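All remarks here apply to the structure that follows.
The values are calculated or read from the model by the stated rules, or taken from the named source; none is laboratory data. Just so we're clear, the structure is a prediction, and the values are computed from it rather than from any experiment. With ideal geometry, Cβ positions are generated from the backbone for all residues, glycine too; neighbour counts draw on all protein chains shown.
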Amino acid sequence: MSDILEKEVSESGVLTLRMNRPDVLNSLNSDIVFALIDAFNNAAEDDNVRAIVLTGNGRGFCAGADLAGGNWPSEKGMTPGDITANSMEIGFNPLVRAVVDSPKPVITAINGVAAGGGVGLALSSDLVLAAESAKFRLVFAPQLGIIPDVGASWLVPNLVGRARANGLALLGDDLSAEKAQEWGMVWEVHPDDQLVAKAQEYAARMAQGSITGIKATVRAHDKAMLQSIHDQLDFEKEEQRHYTNQPVFFEGVRAFIEKRKPNFREIEAEQMKTARDKK
């Protein structure tokens, strides 16, 4: 039996993760969810990994939760709601947090259909690329009578606004990759046969830069969606106070003055090791 999650690390430090349940459009059961969580947690500890690309094999990125065979733990007396909430507590929510909180930049390459919880997983990364054939579909409300999850109820309205989020979620219509780019859900759209290579190219570029700065920038943008410009200015001040005291900044300034490319890899590896040791 083939691995449900294929992993490959390039010389540049790009970890490519391919969900490998193409017969069910890479729908999420407990096995693949736990495999993804482990992969992201391991990558966070691996200094050889500098950036991550997540995609799917076959014609779909991810069809959301596997409603036919999720294989989630259950005990006698648990209702379907209890089992669902438990799967979110131990599986789906930790997966989203593992992606969002990854200390390494994450790119999702949406190679086909992203439906249900697959939309949340697709949009939880730092940079989203889509194939020309990609489609986004929120079917929770009209087809199942439930709300969007796997982070989709936060990500979609924050990315496209309330009106468009409601239109997608209440009607359940497909959103094309082209329209998703127009609305700001994805960064770029590429021909299907070029998608993963482009994602790996961008990941390699990030791996050569300061991944500390990249992730700090993503956090700053997320913070901005939750507070006023005045609070954001104070946040920027304190973040810059911290980061301009760090060896990464010193190396960047030296490299600029010396007209060379900065070498962040060893510095950031040491910083991340120190941070791990403090936990």
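Every residue in region 69-83 that is surrounded by fewer than 17 Cβ atoms within 10 Å (Cβ to Cβ) and in contact (Cβ under 8 Å) with a residue 24 or more places away in the chain, please. Gly69, Asn71, Pro73, listed by residue number. Residue selection: Ile32 satisfies the criterion of being within 20 Å of Leu123 (Cα to Cα) and either part of a helix (DSSP H, G or I) or not β-branched (Val, Ile, Thr) (or both). All conditions but one from (1) among the basic types (Lys, Arg); (2) in a helix (DSSP H, G or I); (3) without any contact (Cβ under 8 Å) to a residue 40 or more places away in the chain apply to Lys273; the one that does not is (3).
Listed here are the residues, each with its yes/no results for (1) without any contact (Cβ under 8 Å) to a residue 24 or more places away in the chain; (2) touching a Pro at 6+ places or on another chain (Cβ under 7 Å); (3) over 30 Å from Asn48 (Cβ atoms).
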residue: Val119; (1), (2), (3): no, no, yes
residue: Ser124; (1), (2), (3): no, no, no
residue: Val128; (1), (2), (3): no, no, no
residue: Ile147; (1), (2), (3): yes, no, yes
residue: Leu155; (1), (2), (3): no, no, no
residue: Gly161; (1), (2), (3): yes, no, yes
residue: Arg164; (1), (2), (3): yes, no, yes
residue: Glu182; (1), (2), (3): yes, no, yes
residue: Leu195; (1), (2), (3): no, no, no
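From the list Asn158, Asn166, the lone residue that is surrounded by fewer than 23 Cβ atoms within 10 Å (Cβ to Cβ), over 30 Å from Ala275 (Cβ atoms) and in contact with a helix residue (DSSP H, G or I) (Cβ under 9 Å, 6 or more places away or on another chain) is Asn166. When Glu201, Glu238 are screened for being part of a helix (DSSP H, G or I), of a type in the set (Asp, Glu) and more than 22 Å from the chain's Cα centre (by Cα), only Glu238 passes.
The set of residues in region 1-23 being of a type in the set (A, V, I, L, M) and either crowded, with 21+ Cβ neighbours inside 10 Å or modelled with pLDDT of 95 or more (or both) consists of Ile4, Leu5, Val9, Val14, Leu15, Leu17, Met19.
Listed by first and then second residue, the pairs with beta-carbon distance under 7 Å, at least 6 apart or on different chains, first residue in region 84-111 and of a type in the set (D, E, K, R), second outside any helix (DSSP H, G or I), are Lys104/Val49; Lys104/Arg50; Lys104/Ala51; Lys104/Ile52. Starting from residues that are exposed (fewer than 10 other Cβ atoms within 10 Å of the Cβ) and either outside any loop (DSSP other than H, G, I, E, B) or on the phi < 0 side of the Ramachandran plot (or both), keep the ones in region 246-260 and report whichever is nearest to the chain's Cα centre (by Cα). Once the filter is applied, the top-ranked residue is Arg260.
Annotation: of all residues in region 17-45 being in contact with an Asp or Glu (Cβ under 9 Å, 6 or more places away or on another chain) and among the hydrophobic types (A, V, I, L, M, F, W, C), the one that is nearest to Gly70 (Cα to Cα) is Leu28.
Just to be sure, is Ala224 out of contact with any Asp or Glu (no Cβ under 8 Å at 6 or more places or on another chain) and not assigned by TED's automatic domain parsing to the domain that holds Thr108? Considered against the rule, which asks whether it is out of contact with any Asp or Glu (no Cβ under 8 Å at 6 or more places or on another chain) and not assigned by TED's automatic domain parsing to the domain that holds Thr108, Ala224 comes out as yes.
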